[in-house]
Amino acid sequence: MSDVTRRQILKSGAIAVGAGLLQSRTALADATWSGGAPEPNASIRVLRWKQFIQAEFDSFVANSKKFSEQTGVKVRVDAENWDDIRPKAAVAANVGAGPDIIMGTNDDPFKFSEKLLDVTDLAEYLGAKYGGWYPIARTYGMLGKKWIALPQGATGGCLNYRISTMRAAGFEEFPRDLPGYLKLCQGLKAAGKPAGFALGHATGDANGWVHWCLWAHGGKMVDDNNNVVIDSPETVAALEYAKQLYATYIDGVLSWNDSSNNKAFLADQISLTFNGISIYTVAKNSPEPALNAIAADMDHANMPIGLSGHPTEQQNILNTYSYAYTKYPNAVREYLRFMWEKAQVDFWETASNGYVAPPLPAWNDNPIWTADPKTTPFRDVLKYALPVGYSGTLGQASAAVMGDFVCVDMFAEACTGDQTPKAAAQRAAERAKRYYKS
Amino acid sequence: MMGADIRPIAVRRRWIARLADDRNFLGLVFMLPAAAILLVFLAYPLGLGFWLGLTDTPIGAPGHFVGLANFVSLAHDSVFWLAVFNTTFYTVVASILKFALGLYLALLLNRRLPFKSLLRAIVLLPFVVPTVLSAIAFWWIYDPQFSIVSWALIKFGLLHQYIDFLGQPWHARWAVIAANVWRGIPFVAITLLAGLQTISPSLYEAATLDGASSWQRFYYITLPVLSPIIAVVMTFSVLLTFTDFQLIYAITRGGPINATHLMATLSFERAITGGHLGEGAAIADAMVPFLLAAIMFSYFGLQRRRWQHGSQD
């Protein structure tokens, strides 16, 4: 709880959150679910993000099968790349037909909030039972007082680094501040195994590190009232810093997508990147000794603390929502409740080696988070994360600015020298103002 | 009473028979299904697209009529103008290359070659492979760390470091053009080959007897006779290239720094990813003048055929 800033809690509107987080587990166990029984002959279709870890998907499907066996509700699970889920979710919202449940990302549900199934009762039940949602989970799930989505967690992004190369660069511990971090990156390059951070249109990886860098320097796209304030000295400072970082990166990051850094890290070409736990899991479970050696020599760290003095991470939030057009709203709610119950979550998280960081504190006591200390940094990322469109509100404009890669392009322009940092910030402001019109 | 009942039926039968014999009426009836299909699947989406371009419709909610506001806004959008430039450059360069290489390939395949049928089938392969598959193959070929091209050049000692195919704006532009050309050549080549085979050998024999060189035979016989087909093929080629989406989306997503964003990919990004259907539709609408120009090109190209056959226009 102490890791969550006071400002975040107040911003999420959440005195109640604080109260929820402080509730004892004993009291939480009293929560009862009073949703209706699934409709007769119900059949639901789930469209979810495509797995990076096969065991994660297999366990998810196994949980769904268990639900079908217990309730008789047929469940079909399809998986797509998360970039491809967004257009399908949008089309479903527009035409009023398609999957019953979508497990997508970030603030997508805020683009068509009026079309979604109200899951307030379910979210409140889960919050009460499992220690209260983290503030950022409430931000991504609630529109006003209504829950329009259930956060599933985050594909926790942490810094993945090679211990031996870090030591060769002169560091025994991973640096926690901006100057130390820059020095490390310079040292990694000098050691012959540089850092590599996506700077192309990579939804998760590129947005993750550039937003951290922006926020760590006090810059932000919009203020509390959704006024565009990206053209600021703080942004320019962030871009100047990023330019120095970029000079230490491996060639080609400008064209990297979300899988490029995984490949480069596992090919022993880079020693530091921003990614989920998938790199470590693949290396650890591989039959190839070379990859096992990489797993043994790597560790994870949270992003350094910037000038603001508090964590400023941007995480890829996995957000689940259903449409009002579903013929089986009770079956949908019951399915979601079942999948969000700790028994299923524990099974799934264990199989996926902690791929999804919990949105509910009570999920944290799964041994998977502590059995291997290298996994632990991923557990807490939602305590540290700020929402996209910080410090404004989630909605059409924040989603559009993210979808148009305004922040990523700004960093790419400045890092490559295509524009000066000041000009890049001005261009980003012009682009953002087209969305934040009023 | 009986006579009074029968007369109207007979009159009615005569009326139906007259209609059944009416060529205009029957023509109208037979055209109705096709007209309905065109109306539902072509005219309506096109009209809806134009209408959306005049609104601020977001995804999942009704929009409002905003007149030309989307177009005015786009006129001040540097990314839009970059996409217009990219699209024009991509289309012009790729189309010229596809035509030149496609024609050359067609001329080669028109000769007496061993395994002619097999060769023609092989030439068609890039066109047969699903676009996304070939795009992913090119994505690997252009990978900054794992490119087979860079690897081979380094192995042969011709390079010391991997080529950053997709990480530099101009490298990326040429890289996606190369992928488009590779994929588009078979369409041009095979269609032109079909045209070449319609040219009577007697024309070439007569020209040869008159002492025409191979260049003269190509310039004065092949090219003029082939020109109507060239006009049609190039119109389709330009249209398909101008509206290309899959290759770019799979290889670069419009990057780096929007250097390969085409109008189609930008339209998708703004409309679907960004949620602004109105603006995305406006970008798509902005493509129409260019596409109309391509159709006009085809129209005038086809007119030349009459000129070739002695007409004065």
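Quick rundown of the values:
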read-out	value
Test for B:Ile257: is it within 14 Å of chain A (Cβ to nearest Cβ), surrounded by fewer than 24 Cβ atoms within 10 Å (Cβ to Cβ), over 13 Å from the mean Cα position of the chain (by Cα) and farther than 22 Å from B:Arg183 by Cβ	no
Flag for B:Ile230 being in contact (Cβ under 8 Å) with a residue 60 or more places away in the chain and either among the hydrophobic types (A, V, I, L, M, F, W, C) or within 18 Å of B:Leu108 (Cβ to Cβ) (or both)	yes
When residues of the stretch A:110-126 are limited to those that are at pLDDT below 95 and surrounded by 19 or more Cβ atoms within 10 Å (Cβ to Cβ), the one nearest to A:Leu394 (Cα to Cα)	A:Phe110
Subset of the stretch B:260-289 [facing chain A (nearest Cβ under 9 Å) and not in a helix (DSSP H, G or I)]	B:Gly274, B:Gly275, B:His276
Single match in B:Gly157, B:Gly195, B:Gly167 (criterion: farther than 18 Å from B:Thr87 by Cβ and within 14 Å of another protein chain (Cβ to nearest Cβ))	B:Gly167
Residue check for B:Ala207: in a helix (DSSP H, G or I), within 14 Å of chain A (Cβ to nearest Cβ) and out of contact with any Cys (no Cβ under 6 Å at 6 or more places or on another chain)	no
Where A:Ala293 falls short, out of the listed (1) assigned to a helix (DSSP H, G or I); (2) in contact (Cβ under 8 Å) with a residue 60 or more places away in the chain	(2)
A:Phe52 being buried (at least 18 other Cβ atoms within 10 Å of the Cβ) and either assigned to a helix (DSSP H, G or I) or of a type in the set (Ser, Thr, Tyr) (or both)	no
Count of residues meeting criterion [more than 13 Å from every other protein chain (Cβ to nearest Cβ), hydrophobic (A, V, I, L, M, F, W, C) and in a loop (DSSP other than H, G, I, E, B)] in the stretch B:125-154	1
Unique residue being exposed (fewer than 12 other Cβ atoms within 10 Å of the Cβ), under 30 Å from B:Gln197 (Cβ atoms) and assigned by TED's automatic domain parsing to the domain that holds B:Phe187 when the list is B:Ile96, B:Ile122	B:Ile122
Residue that is among the acidic types (Asp, Glu), at pLDDT below 95 and within 30 Å of A:Phe112 (Cβ to Cβ), where the choices are A:Glu349, A:Glu334, A:Glu341	A:Glu349
Residue within the stretch A:410-427 that is within 14 Å of chain B (Cβ to nearest Cβ), surrounded by 21 or more Cβ atoms within 10 Å (Cβ to Cβ), in contact with a Cys (Cβ under 8 Å, 6 or more places away or on another chain) and under 30 Å from A:Ala92 (Cα atoms) present	no
Residue check for A:Asp231: acidic (Asp, Glu) and either within 14 Å of another protein chain (Cβ to nearest Cβ) or free of Cβ contacts under 8 Å to residues at least 40 places away in the same chain (or both)	no
Test: residue in the stretch A:84-91 that is outside any helix (DSSP H, G or I), of a type outside the set (S, T, N, Q) and either surrounded by fewer than 23 Cβ atoms within 10 Å (Cβ to Cβ) or modelled with pLDDT of 95 or more (or both)	no
Helices (runs of 4 or more DSSP H) within the stretch B:22-83 that include 2 or more residues away from chain A (no Cβ under 14 Å) and either more than 30 Å from A:Glu413 (Cα to Cα) or in contact with a Pro (Cβ under 6 Å, 6 or more places away or on another chain) (or both)	B:23-38, B:44-53
Any hit, the stretch A:94-102, residues being within 14 Å of another protein chain (Cβ to nearest Cβ), in contact with a strand residue (DSSP E or B) (Cβ under 7 Å, 6 or more places away or on another chain) and part of a helix (DSSP H, G or I)	no
Of the criteria (1) within 14 Å of chain B (Cβ to nearest Cβ); (2) over 23 Å from the mean Cα position of the chain (by Cα); (3) surrounded by fewer than 22 Cβ atoms within 10 Å (Cβ to Cβ); (4) not polar (S, T, N, Q), which one A:Ala191 fails	(1)
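The values are calculated or read from the model by the stated rules, or taken from the named source; none is laboratory data. From a predicted model like this one, the values you see are computed outputs, not experimental measurements. We place every Cβ from the backbone using ideal geometry, glycine too, and count neighbours over all the protein chains shown.
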